[in-house]
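Take a look at the structure set out below.
The values are calculated or read from the model by the stated rules, or taken from the named source; none is laboratory data. Worth saying up front: this structure is predicted, and the values here are computed from it rather than measured. With ideal geometry, Cβ positions are generated from the backbone for all residues, glycine too; neighbour counts draw on all protein chains shown.
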Amino acid sequence: MRIDYEKRIFGLDLMRAVAIIMVMCSHTLWIVPEMRGVTRKLFSIFGILGVDVFFVLSGFLIGRILYKMYISKDFSFKEVTYFWVRRWFRTLPNYYLTLVINILVAIYIGNQLPDELWKYGFFLHNFSSQLPWFYPESWSLSVEEFAYILGPLLLYLVLFFRKNASRSRSFLLVTLFILILFILSKLMYNQEETIRHMRHWTLNVKSIVIYRIDAIYYGVLAAYISIVKPKFWYNIRYVACTFGILALISMNFLIPIKGWFITEYPQFWNVWYFVIKSIAIVCTLPLLSQIKSAPKLIMVPITYVSILSYAIYVFHYSIIMQLMKYLIPSEPMAGFDLVIYLLVYVLITFVVSYLVYRLYEKPMTDLRDSPRIKKYFK
């Protein structure tokens, strides 16, 4: 696999690689459920934090694309549709492949399929109601897909009805509108919901589209600032990154120390926990987005993990780990045997992800730049 390192930003690859490693670590708790102490607490936090890093980073990258597209004099609905098509060629092939494989795995191991399986085909399974047990990691893909649709559509509608409006200002206002709208949706949920415990929170707030789209638009806001205020973006890089990291560490340490549990502080968990976490992650972007390279010994493995991260995300848990647990249960294992089991799991995950990326994901993504596709939009 040949990589053009000059076209990549190492700091963003580092974010993506750290995010997927966090998610994988959190899911190893299924293999080692008896894990206790600080490690278990860290791994539990990693699962929640890793996906939000993906959200903010995704928002930052698409935000820069959208802003440059929006302020162009050639901006039109055809540009919007081409943006969607490009995103879909990037995201949908892996999703539908793993959806089919998850169905086959469920049939093979004897699990009953969800009653409304068709909703997975349209990313509606976690749109506004509880996340089903089937293919659980797909929840974040639904959030991403609806975020990709909502922002560009609103931007186009604003320009359609106000042709002479400042495009830069309109971009900012639409982004802020989306952020405020989804903070309000979480506040409304908090007012109406009476069941308050962490499992319910995970399945009914954390993983639901109508409460989580703003996570991506914090990244879009960061993209706007980085383009419109480049000098400010550069000057705050060290202070902002330090603040962001300290905020994340402090918040997660203070929660158990101060007893900020969902039973006593539901609004913190249902609303402000997401907001603080997203803003803290955004604060790391001014520095990380400007780190172009690193020593080769560090840059090469980090870049590979970053490139494979999407395939790793959709394959590692409900397919690879579930099949391993079914064929060779890890419960009787301990010590060295368990270490070998974990190493085999990681090895299989990376080998499968590499093959999927080379033979399927990249060829499908490359189609978006083919003349047959571009001729309809350019």
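For the range 319-361, which residues satisfy the criterion of being at pLDDT 95 or above and small (Gly, Ala, Ser)?
Selection gives Ser353 alone.
Does the range 71-81 contain any residue that is surrounded by 14 or more Cβ atoms within 10 Å (Cβ to Cβ), under 21 Å from the mean Cα position of the chain (by Cα) and not hydroxyl-bearing (Ser, Thr, Tyr)?
Within the range 71-81 (the criterion being surrounded by 14 or more Cβ atoms within 10 Å (Cβ to Cβ), under 21 Å from the mean Cα position of the chain (by Cα) and not hydroxyl-bearing (Ser, Thr, Tyr)), the answer is no, since none of the residues qualifies.
Residues are listed down the side, and each one gets a yes or a no for (1) touching a Cys at 6+ places or on another chain (Cβ under 7 Å); (2) modelled with pLDDT under 95; (3) loosely packed, with under 15 Cβ neighbours inside 10 Å; (4) under 30 Å from Tyr224 (Cα atoms):
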| residue | (1), (2), (3), (4) |
| --- | --- |
| Ile103 | no, no, no, no |
| Ala106 | no, no, no, no |
| Phe123 | no, no, no, yes |
| Ser142 | no, no, no, yes |
| Ala147 | no, no, no, yes |
| Thr175 | no, no, no, yes |
| Arg199 | no, yes, yes, no |
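Out of the range 50-87, which residues are closer than 13 Å to Glu145 by Cβ and in contact with a Phe, Trp or Tyr (Cβ under 6 Å, 6 or more places away or on another chain)?
Arg87, the sole residue that qualifies.
Go through the residues of the range 221-243 one by one and say whether even a single one is in contact with a Pro (Cβ under 6 Å, 6 or more places away or on another chain), surrounded by fewer than 20 Cβ atoms within 10 Å (Cβ to Cβ) and farther than 28 Å from Ile71 by Cα.
Looking for residues that are in contact with a Pro (Cβ under 6 Å, 6 or more places away or on another chain), surrounded by fewer than 20 Cβ atoms within 10 Å (Cβ to Cβ) and farther than 28 Å from Ile71 by Cα, one finds none in the range 221-243, hence no.
Return a yes/no flag: does the range 153-160 have any residue that is surrounded by fewer than 17 Cβ atoms within 10 Å (Cβ to Cβ), farther than 25 Å from Leu61 by Cβ and more than 17 Å from the chain's Cα centre (by Cα).
yes
Take the residues in the range 3-23 that are assigned to a helix (DSSP H, G or I) and acidic (Asp, Glu); name whichever of them is surrounded by the fewest Cβ atoms within 10 Å (Cβ to Cβ).
Pass one, the range 3-23, residues assigned to a helix (DSSP H, G or I): 5-7, 10-23.
If we keep only those that are acidic (Asp, Glu) too, we end up with 6, 13.
Numbers: Glu6: 7, Asp13: 24.
Ranking the candidates gives Glu6 first.
Return the only residue of Ser318, Ser330, Ser309 being over 24 Å from the mean Cα position of the chain (by Cα) and touching a residue at least 40 places away in the same chain (Cβ under 8 Å).
Result: Ser330 is the single residue among Ser318, Ser330, Ser309 that is over 24 Å from the mean Cα position of the chain (by Cα) and touching a residue at least 40 places away in the same chain (Cβ under 8 Å).
Anything in the range 88-120 that is out of contact with any Phe, Trp or Tyr (no Cβ under 8 Å at 6 or more places or on another chain) and among the small types (Gly, Ala, Ser)? List them, or say none.
Gly110, the sole residue that qualifies.
Would you mind telling me which numbered condition in (1) of a type outside the set (A, V, I, L, M, F, W, C); (2) surrounded by 16 or more Cβ atoms within 10 Å (Cβ to Cβ); (3) more than 17 Å from Val53 (Cα to Cα); (4) modelled with pLDDT under 95 Asn252 fails?
Asn252 satisfies every listed condition except (3).
Which of the residues belonging to the range 53-97 are touching a Ser or Thr at 6+ places or on another chain (Cβ under 8 Å), more than 30 Å from Arg162 (Cβ to Cβ) and of a type outside the set (Phe, Trp, Tyr)?
Arg90, Pro93
Working only within the range 24-69, note down all residues that are surrounded by fewer than 22 Cβ atoms within 10 Å (Cβ to Cβ), under 23 Å from Ser168 (Cα atoms) and either touching a residue at least 60 places away in the same chain (Cβ under 8 Å) or among the basic types (Lys, Arg) (or both).
Leu61, Arg64, Lys68
If Arg212 satisfies all but one of (1) among the basic types (Lys, Arg); (2) within 17 Å of the chain's Cα centre (by Cα); (3) surrounded by fewer than 20 Cβ atoms within 10 Å (Cβ to Cβ), what's the number of the condition it fails?
With respect to (1) among the basic types (Lys, Arg); (2) within 17 Å of the chain's Cα centre (by Cα); (3) surrounded by fewer than 20 Cβ atoms within 10 Å (Cβ to Cβ), Arg212 is out only on (3).
For the range 158-269, which helices (runs of 4 or more DSSP H) that fit wholly inside it have 2 or more residues that are farther than 30 Å from Leu131 by Cβ and hydroxyl-bearing (Ser, Thr, Tyr)? Reasoning before the result, please.
Working: elements: 167-192, 198-201, 209-212, 214-228, 230-235, 237-258.
So the answer is 167-192, 214-228, 237-258.
May I ask you to list the residues in the range 281-314 that are of a type in the set (Val, Ile, Thr) and either more than 22 Å from Asn94 (Cα to Cα) or touching a Ser or Thr at 6+ places or on another chain (Cβ under 6 Å) (or both)?
We begin by selecting, within the range 281-314, every residue of a type in the set (Val, Ile, Thr); these are 281-282, 284, 291, 298, 300, 302-303, 305, 307, 312, 314.
Once the filter is applied, which keeps residues that are of a type in the set (Val, Ile, Thr) and either more than 22 Å from Asn94 (Cα to Cα) or touching a Ser or Thr at 6+ places or on another chain (Cβ under 6 Å) (or both), the range 281-314 yields Ile281, Val282, Thr284, Ile291, Ile298, Val300, Ile312, Val314.
Quick one: how many residues across the range 327-367 are among the charged types (D, E, K, R), surrounded by 12 or more Cβ atoms within 10 Å (Cβ to Cβ) and farther than 14 Å from Tyr310 by Cα?
Keep residues of the range 327-367 that are among the charged types (D, E, K, R), which gives 331, 337, 358, 361-362, 366.
From what is left, the residues that are surrounded by 12 or more Cβ atoms within 10 Å (Cβ to Cβ) are 358, 361-362.
So of that shortlist, the ones also farther than 14 Å from Tyr310 by Cα come out as none.
Total meeting the criteria: 0.
Every residue, every condition in (1) among the aliphatic types (A, V, I, L, M); (2) touching a strand residue (DSSP E or B) at 6+ places or on another chain (Cβ under 6 Å); (3) modelled with pLDDT of 90 or more; (4) on the phi > 0 side of the Ramachandran plot, yes or no:
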| residue | (1), (2), (3), (4) |
| --- | --- |
| Glu34 | no, no, no, no |
| Leu61 | yes, no, yes, no |
| Phe77 | no, no, yes, no |
| Phe83 | no, no, yes, no |
| Trp88 | no, no, yes, no |
| Thr91 | no, no, yes, no |
